[in-house]
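Since the structure comes first, as structure tokens, the remarks are kept for the end.
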Amino acid sequence: MTQLWVGPVTLTGWGVRLVPLKAEHAPGLAAAAADGELWTLRVTSVPAPGDEPAYIHTALTTPDRVPFAVLDEASGLVLGSTSYHDITPAVKRLEIGYTWYGASAQHSHVNTACKLLLLTHAFEVLGAGVVGWRTDNENYASQRAIERLGATRDGELRHHLRRRDGSVRNTVMYSMLASEWPAARERLTERIGRPRDPASITPPGA
């Protein structure tokens, strides 16, 4: 049912390219994760060295998840990964998450560009009624990044999930309604300060 509404697609613009995640991206993900040794962070799910194939397999086989590799548009270098997930066609809801970038791509245009691409596709192509996010209650950088998008903090699920180190986290939930997207789009487009290639959506096999 999910694939009838949200399917694999390539999204390009603002210096990045989001492509459907494939097994061949494993070496690139390994290099991106090594940029900052991201697997050592307790508040992320970045694959540890050697775990990239299993990470990709899980991403591709998880129901209601559409994963992407994040590439630099000019060089094709893998910068990280992100996904649509928890997709609910009945109410036109999806979430954006499982997002991480190598240290060199953090605090740059990359996250804003990715969110612009994913939100534009969700609201303006798929007709989503709402887009959500969720993050670890101790991942303050992620919370700030989501709030800068213009999302509303909906609340906190207490004692919700186990972290990779065995501790239990709370999960902070955010959302953005379709009616809130135009104002958010204007702010994000101003922030990134660069045009988007209009020929930017490529369906599989094109």
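How high is the relative contact order of the chain, in percent, counting Cα pairs under 8 Å that sit 6 or more residues apart?
23
Taking a ≥ b ≥ c as the square roots of the eigenvalues of the Cα gyration tensor of the stretch 2-202, is the shape rounded (a/c under 1.5), prolate (a/b larger than b/c) or oblate?
Rounded.
Could the peptides 172-180, 149-157 be put in order, highest first, of the mean number of other beta-carbon atoms found within 10 Å of their residues?
172-180, 149-157
Find which of G50, L38, T61 sits farthest along the positive direction of the dipole of the stretch 32-78, computed with +1 on the beta-carbon of Lys and Arg, -1 on that of Asp and Glu, about the Cα centre.
T61
Give the Rg (one decimal place) followed by the Dmax (whole number) of the stretch 87-154, computed from C-alpha coordinates and expressed in Å.
Both quantities, over Cα of the stretch 87-154: 12.5, 39 Å.
Please give the charge dipole size of the stretch 2-202, origin at the Cα centre, charges +1 on K and R Cβ atoms and -1 on D and E Cβ atoms. Round to the nearest 20 debye.
Charge dipole of the stretch 2-202: 360 debye, to the nearest 20.
Enumerate the calculated ³J(HN,Hα) couplings along the stretch 21-29 in order (Karplus 6.51 cos²θ - 1.76 cosθ + 1.60, θ = phi - 60°), each rounded to whole Hz, writing x wherever the residue is Gly or Pro.
Once rounded to whole Hz, the list reads 5, 9, 4, 5, 7, 4, x, x, 5.
Every number here is computed from the coordinates shown, using simple stated rules; none is lab data. Computed from a prediction, not measured in an experiment: that's the story for all the values here. A quick note on method: Cβ atoms are made from the backbone with ideal geometry, for glycine too, and the neighbour counts reach across all protein chains shown.
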